[in-house]
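Undergrad: Below is the structure I would like to discuss, written out as C-alpha cells.
The values are calculated or read from the model by the stated rules, or taken from the named source; none is laboratory data. Since we're looking at a predicted model, the values are computed, not measured. Cβ coordinates were reconstructed from backbone atoms using ideal geometry, including for glycine residues, and neighbour counts include every protein chain displayed. SASA here: full protein model, heavy atoms, side chains in, ligands and nucleic acids out. Shrake-Rupley method; radii C 1.70, N 1.55, O 1.52, S 1.80 Å.
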Amino acid sequence: MKVCIVGAGLAGATAAFQLSKHGHQVEVFEVRTQIGGNCYDKLQNGVMVHQYGPHAFHTGNPVVWQFLNQFTRFNDVALRVWANTPLGMIPIPFNNQSAKLVGDMTPKMIRDLLFKDYSQKQWGVSWTELPKSIRNRVPLKRASFESYYHLDRYQGIPEKGYSEMFSAMLEGKSVHVGCKENDWRRYKWDHVIFTGSIDTYYGFCHGELPYRSLRFEYFPSLPRREVQINECNPWNSWTRSVDHSHWLRQKVRNTVISREYPCEFDGSNERFYPKPWDAALAQYAKYARLAQSDPKVTFVGRLGTYRYLDMDKTVAQTMAAMSRLIAGKKKQPDPLAS
Ligand code: UDP
C-alpha cells in the first residue's frame with residue numbers, strides 16, 4: 001500500500017516504522033519544522049531541553065519497551081517530583097517522607113494540599129469538577145518511602161535524547177517537514193494514518209474539539225536543582241518547572257529551567273491535552289463514528305483519538321492499529337464512538 005502518515009510524533013513515527021517494515025510505502029507529512037512531536041528535544045546552552053515540557057518515559061509494557069529499544073538505548077533516569085506547597089516542599093505523590101515532613105494526612109487533606117490549586121491552574125476548573133480519568137492519573141498516597149513519580153518497571157530517557165530516537169525510527173523514510181496543513185491531500189493514497197486532531201481531518205463538521213494548551217518560559221543560566229517542582233499553591237501562576245540538565249545527567253554549572261503556564265487552546269497555540277468532559281466526549285463520538293465507517297483512514301495518538309495518552313500508551317495503541325491494518329483486518333471499534 002501507499003500510505004500517507006500525517007504527523008511525525010510518536011504515533012506517526014511508530015506507524016511509519018511498522019508499515020515500512022512490512023513492505024508498505026510510507027510518506028510522512030509534518031507541519032512543524034522538525035520531527036518528534038511533543039517529545040522534541042534540542043540543545044539549548046549545552047543542555048538537552050524538552051521543548052514541549054517534561055517527557056520522562058515510563059512503561060510497564062515490555063513490548064513497547066523492546067520496540068523503542070530498537071532505536072535507542074535508554075538511561076535509567078526516573079522522575080522524582082517535589083511539590084511546593086503552603087506547608088513547604090514535599091515529595092509528590094504523597095509518601096512516607098512527605099508525612100515525615102508535614103505530618104500524616106487524610107486523602108481529603110492531600111487533595112486540598114496537592115491537587116486543588118495545581119488542577120485549578122492546569123484545567124481552569126476546581127479539582128471536584130475534573131473527570132475521574134484525570135483525577136486517577138496521580139495516586140493520592142503511597143504507604144512507602146518510594147519517591148519515584150512513576151512506579152513502572154521500565155523507565156528512562158533516550159541516552160542521546162528523543163530527537164535522535166525519532167531520527168532512527170524514521171531513517172530511510174520519506175519525511176516532509178514544514179508542510180502546510182493540507183499538503184498531504186494533494187496526492188492519492190491507499191490509506192491515511194492521521195495523528196492530528198480528528199476534527200481538523202473532517203473540517204470541523206461537528207465543531208472544534210476543546211483542548212488545554214501550555215505556554216513555556218525558559219530561564220537559561222540558573223544553578224542546577226531538583227528535576228521537577230510542581231507548584232501546588234495559589235501564589236505562583238505556573239504549574240511546574242523543570243531543570244532539563246537531569247534528563248541526560250549533564251553535569252553543567254548552569255542549567256536551563258522551564259516553567260509551564262496552562263491556558264486554553266485558541267487556534268493560535270498548540271493542542272496539548274484533550275478535555276475529556278462529557279460534552280467534548282459526545283462531540284468526539286460523532287467524529288469517531290465517521291472514522292469507524294471510513295476504511296481508508298486510521299486515527300491514532302492523543303489528538304487523533306482524543307485521549308489523554310501517555311507516551312507508552314500511544315506506542316501501544318499505534319502498534320495495535322498497525323498490526324490490524326497490516327493483517328487486512330477491520331479497525332477495532334472505538335469504545336468512545338457509542
Ligand atoms: N495534579 C495535581 N497536582 C500535581 C500533579 C498533578 O493536581 O502536583 C493533577 C492535575 O490535575 C494534572 C493531573 O493530576 O493535570 C495529571 O497529572 P500528571 O502529572 O499526570 O500530568 P501530565 O504530566 O500529563 O501533565
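Undergrad: Only one of these is at pLDDT 95 or above and either of a type in the set (Lys, Arg) or out of contact with any strand residue (DSSP E or B) (no Cβ under 8 Å at 6 or more places or on another chain) (or both): Gly60, Gly12, Gly53, Gly37. Name it.
TA: Gly37
Undergrad: Oh, and also: Quick one: Tyr162 ticks every box in (1) hydroxyl-bearing (Ser, Thr, Tyr); (2) at pLDDT 95 or above; (3) out of contact with any Phe, Trp or Tyr (no Cβ under 7 Å at 6 or more places or on another chain) except a single one, so which number is it?
TA: (3)
Undergrad: Where residues in segment 260-309 are within 15 Å of Ser133 (Cα to Cα), within 15 Å of the ligand (Cβ to nearest atom) and open to solvent by 40 Å² or more (accessible area, probe 1.4 Å), which of them is farthest from the chain's Cα centre (by Cα)?
TA: It comes out as Trp277.
Undergrad: Quick test of your reading of the structure: Asp41 fulfils all but one of (1) over 15 Å from Phe166 (Cα atoms); (2) touching a residue at least 12 places away in the same chain (Cβ under 8 Å). Name the failing condition by number.
TA: Here Asp41 meets the rest and fails (1).
Undergrad: Tell me the residue from Gly203, Gly207 that is closer than 30 Å to Met1 by Cα and either outside any loop (DSSP other than H, G, I, E, B) or open to solvent by 20 Å² or more (accessible area, probe 1.4 Å) (or both), please.
TA: Exactly one residue qualifies, and that residue is Gly203.
Undergrad: Could I ask something else about it? Check whether at least one residue in segment 211-220 is part of a loop (DSSP other than H, G, I, E, B) and open to solvent by 70 Å² or more (accessible area, probe 1.4 Å), and report yes or no.
TA: There is no residue in segment 211-220 that is part of a loop (DSSP other than H, G, I, E, B) and open to solvent by 70 Å² or more (accessible area, probe 1.4 Å).
Undergrad: Then there's this: Here is a check on your reading of the model: is Asp294 more than 25 Å from Asp117 (Cβ to Cβ), of a type in the set (Asp, Glu) and touching a residue at least 60 places away in the same chain (Cβ under 8 Å)?
TA: Here the answer is no, as Asp294 does not meet what is asked.
Undergrad: Checking the conditions here, which among Val49, Val3, Val26 is under 19 Å from the mean Cα position of the chain (by Cα), outside any loop (DSSP other than H, G, I, E, B) and of a type outside the set (Phe, Trp, Tyr)?
TA: Answer to the check: Val49.
Undergrad: Okay, next question. Within the bounds of segment 99-117, is there any residue that is in contact with a Pro (Cβ under 6 Å, 6 or more places away or on another chain), among the charged types (D, E, K, R) and near the ligand (Cβ under 9 Å from one of its atoms)?
TA: yes
Undergrad: If you don't mind, another one. Here's a check for you: in segment 158-189, which residue that is of a type in the set (Ser, Thr, Tyr) and closer than 19 Å to Trp65 by Cα is least open to solvent (accessible area, probe 1.4 Å)?
TA: Applying the filter and picking the extreme gives Tyr162.
Undergrad: Criterion first (modelled with pLDDT of 95 or more and either away from the ligand (no atom under 16 Å from the Cβ) or open to solvent by 60 Å² or more (accessible area, probe 1.4 Å) (or both)) does Pro86 satisfy it?
TA: In short, yes.
Undergrad: Filter segment 190-200 down to residues that are touching a residue at least 60 places away in the same chain (Cβ under 8 Å) and more than 17 Å from Tyr308 (Cβ to Cβ) and give me whichever is surrounded by the most Cβ atoms within 10 Å (Cβ to Cβ).
TA: The qualifying residue surrounded by the most Cβ atoms within 10 Å (Cβ to Cβ) is Ile193.
Undergrad: Restricting the search to segment 303-330, which residues are touching a residue at least 40 places away in the same chain (Cβ under 8 Å) and over 26 Å from Asn38 (Cα atoms)?
TA: Ile326
Undergrad: Can you tell me which condition Val242 does not meet? The list is (1) within 16 Å of Pro91 (Cα to Cα); (2) touching a Phe, Trp or Tyr at 6+ places or on another chain (Cβ under 6 Å); (3) aliphatic (A, V, I, L, M), and all the others hold.
TA: Unmet for Val242, out of (1) within 16 Å of Pro91 (Cα to Cα); (2) touching a Phe, Trp or Tyr at 6+ places or on another chain (Cβ under 6 Å); (3) aliphatic (A, V, I, L, M): (2).
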